[in-house]
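In what follows, a structure is listed as structure tokens, so that the remarks can point back to it.
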Amino acid sequence: MSSTTTDRGSAAIPARGSLRALLPALAGHRGMMARTCGAALVEQGSLVALLTLAAHTVGTAVIEDRAPAAGTITALVVLVLLRTLMTWREMDLSHDLAYRVLSELRVRVFDGLARSAPARVAGRRSGDLAATAMADVEALEFFYAHTTAQLLASGVVFTGGTAVLATVEPWLLAAVLPVAALLAAAPFADARGRAARGARTRAATAKLSADSVEAVDGLRELLAFGGLAERRRLLADQGRRVGEAQRAEATWEAMAAAVRDLLIVLAVLGVVAAAAQSVTSGRLHGAWAPAAMTLALSVLGPVAESARVLSQAVGLRAAAARVDTALKAPALAPPPASPRPLGPGPLGVRLHRVRFDYGGQPVLDGAELTVPAGQTLALVGVSGAGKSTCAHLLARFWDPSEGSVQLIPGDGEPVDLRDLSDAELRRAVAVVGQDTPLFHGTLADNVRLAAPEADDDLLAETARLCGVDRIAPMDTLVGERGSTLSGGQRARIALARALLAQPRLLVLDETTAHLDNAGDAQLATVLRTEGRTTIVIAHRPATIRRADRIAVLEAGRITEEGTWDELTARPDSALGRVLALGSSAAVD
């Protein structure tokens, strides 16, 4: 499970296996993984061989008063050069491997967020999402660069070293094996505590990221209403919490390092005592004693380093859990096993006995609505009636819990949206919301988003029809999220973006709410394209009046349909009730 943050920056302890779940990401890099493990093995093995041979050379010179042979000197030089080369090579390969995996993980995390949007994204702060996509993934660099190859190489070197010790002097193993076992077990002795501290740090960091992004986005409002000082105080307080969490992790890691050092000291004492006893009893020649002691201690070095690596890796469990949750996020609108083609020509649309809820009371409860091809329908209702939910279902952000949403091509055979490929659906249906975001780039870039292959002539004509060309030249840079533009200008760009894709079904979810009456009337003329079906969710009577038909949504159902004249002529009209309820529903 993923970590769950609270306002106090605490987090639930992530489940075991979170790090193991990310090992399959290495499957596509088997060759590089093998080279990295090979380099780590040679690097660690050459160090053990270098230290052992150097100790034997010194022991021979001191005890036997014999200078080292030329071959020994050559071997030492070769081992020094090999160790140097392999240290560089292992670092180069391990980090190359790690950054390749991270680059793929970032894309897969984004795919997971997109696949499960908007349900799993709604309600989450953008800074928290960014922390998962960037900071949590980046934290796993240590796991991929320093853990897997290190552990495999350490295991091989330790096994080989102890096998040699067993043939030279088995009693030395009595001093080595218990310490090695304690070093290997140490990271798991406090695994739950390490995971909890790591989760606390990740949660506090994510909250600080979310608070910072929110503060930057709302900087103008904070300045305008004098809230900057309070926001700075909150950020400083959150920064202190991050510092406290990081210090707690660092303190415990320092203590763990001290324990590892103490174990190594105990191993040194044990090895020295065992070697002395072996020399005294005649089982070990004096010249070989330094080499045997060095071999015994040098094989513990990789084990101690692996223990340190494992200790730090356990603290990354929270980051791994958050990333794994994003990677495995289920699709809220899964692709069809066998997509159906959508015939050419105009499209009608039908909501057939649609039920849908967000986890509580039904928002739509058996809704039934049919819009013939080429018609403009105004969908009205009070706030919360489910109008935007209908738009989301038409965009297939969600699927209905019961019933179906269908497109009706010219041959009259309805096609359930669940039977369409995503590409086919996006070509046929465009949904434009009231607050459609813009991206940093030019006006042309933002309009081309839905149809990057559109030629310049079509782009210019669409921009002219929607009045985008009157905002600024098309090569003008737009601020992030359209911050340099007014609400009406953003609405024009969003509409132009949808029209450039030439959809057969256009759904406008209060898109023109920011326009004045003149702008609304002008765009209404633009929308009357022969053959296109348009559903307008609106609250402005003038916009509703221009529709061919009007459908009133109440209590999750369509309670009334007809033209403006037909519905307003009824004394008990549902449309009249909606219009009378206030500006949140349909008041100009």
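Tabulated data
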quantity: Candidates Ser383, Ser388 - the one that is in contact (Cβ under 8 Å) with a residue 12 or more places away in the chain, closer than 12 Å to Phe356 by Cβ and polar (S, T, N, Q); calculated: Ser388
quantity: Test: residue in the range 326-336 that is assigned to a loop (DSSP other than H, G, I, E, B), on the phi > 0 side of the Ramachandran plot, outside the structural domain of Ala199 (by TED's automatic domain parsing) and surrounded by fewer than 18 Cβ atoms within 10 Å (Cβ to Cβ); calculated: no
quantity: Among the candidates Ala210, Ala186, residue that is touching a Ser or Thr at 6+ places or on another chain (Cβ under 8 Å), in the same structural domain as Ala307 (by TED's automatic domain parsing), in a helix (DSSP H, G or I) and more than 19 Å from Gly315 (Cβ to Cβ); calculated: Ala210
quantity: Single condition Gly282 does not satisfy, out of (1) surrounded by fewer than 23 Cβ atoms within 10 Å (Cβ to Cβ); (2) of a type outside the set (Asp, Glu); (3) on the phi < 0 side of the Ramachandran plot; calculated: (3)
quantity: Options Arg340, Arg350; residue that is within 30 Å of Asp411 (Cα to Cα), more than 13 Å from the chain's Cα centre (by Cα) and assigned to a loop (DSSP other than H, G, I, E, B); calculated: Arg340
quantity: Residue satisfying condition, being assigned by TED's automatic domain parsing to the domain that holds Ala189 and closer than 20 Å to Leu183 by Cα, within set Gly282, Gly270, Gly286; calculated: Gly270
quantity: Of the criteria (1) without any contact (Cβ under 8 Å) to a residue 60 or more places away in the chain; (2) in a helix (DSSP H, G or I); (3) surrounded by 15 or more Cβ atoms within 10 Å (Cβ to Cβ), which one Ala55 fails; calculated: (1)
quantity: Tally, over the range 268-302, of residues that are among the polar types (S, T, N, Q) and over 21 Å from Val156 (Cβ atoms); calculated: 4
quantity: Pairs, first outside the structural domain of Glu453 (by TED's automatic domain parsing) in the range 478-501, second of a type outside the set (Val, Ile, Thr), C-beta under 6 Å, six or more apart; calculated: none
quantity: Output for the range 263-302, where each listed residue is outside any helix (DSSP H, G or I) and either of a type in the set (Ser, Thr, Tyr) or in contact with a Leu (Cβ under 7 Å, 6 or more places away or on another chain) (or both); calculated: Ser281
quantity: So Ala423, is it surrounded by 20 or more Cβ atoms within 10 Å (Cβ to Cβ) and among the small types (Gly, Ala, Ser); calculated: no
quantity: Given (1) modelled with pLDDT of 90 or more; (2) within 15 Å of Leu477 (Cα to Cα), number of the condition Asp416 does not satisfy; calculated: (2)
quantity: Only one of Ala337, Ala319 that is touching a helix residue (DSSP H, G or I) at 6+ places or on another chain (Cβ under 8 Å) and among the small types (Gly, Ala, Ser); calculated: Ala319
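Conditions tested, residue by residue: (1) acidic (Asp, Glu); (2) part of a loop (DSSP other than H, G, I, E, B); (3) over 30 Å from Asp217 (Cα atoms); (4) in contact with a Lys or Arg (Cβ under 7 Å, 6 or more places away or on another chain).
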position: Arg396; (1), (2), (3), (4): no, yes, no, no
position: Pro400; (1), (2), (3), (4): no, yes, yes, yes
position: Val405; (1), (2), (3), (4): no, no, yes, no
position: Gly410; (1), (2), (3), (4): no, yes, yes, no
position: Arg418; (1), (2), (3), (4): no, no, yes, no
position: Arg427; (1), (2), (3), (4): no, no, yes, no
position: Ala430; (1), (2), (3), (4): no, no, no, no
position: Ala444; (1), (2), (3), (4): no, no, no, no
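The values are calculated or read from the model by the stated rules, or taken from the named source; none is laboratory data. Remember, it's a predicted structure, so these values are computed and weren't measured experimentally. In this analysis, Cβ positions are derived from the backbone assuming ideal geometry, glycine residues included, and neighbour counts consider all displayed protein chains.
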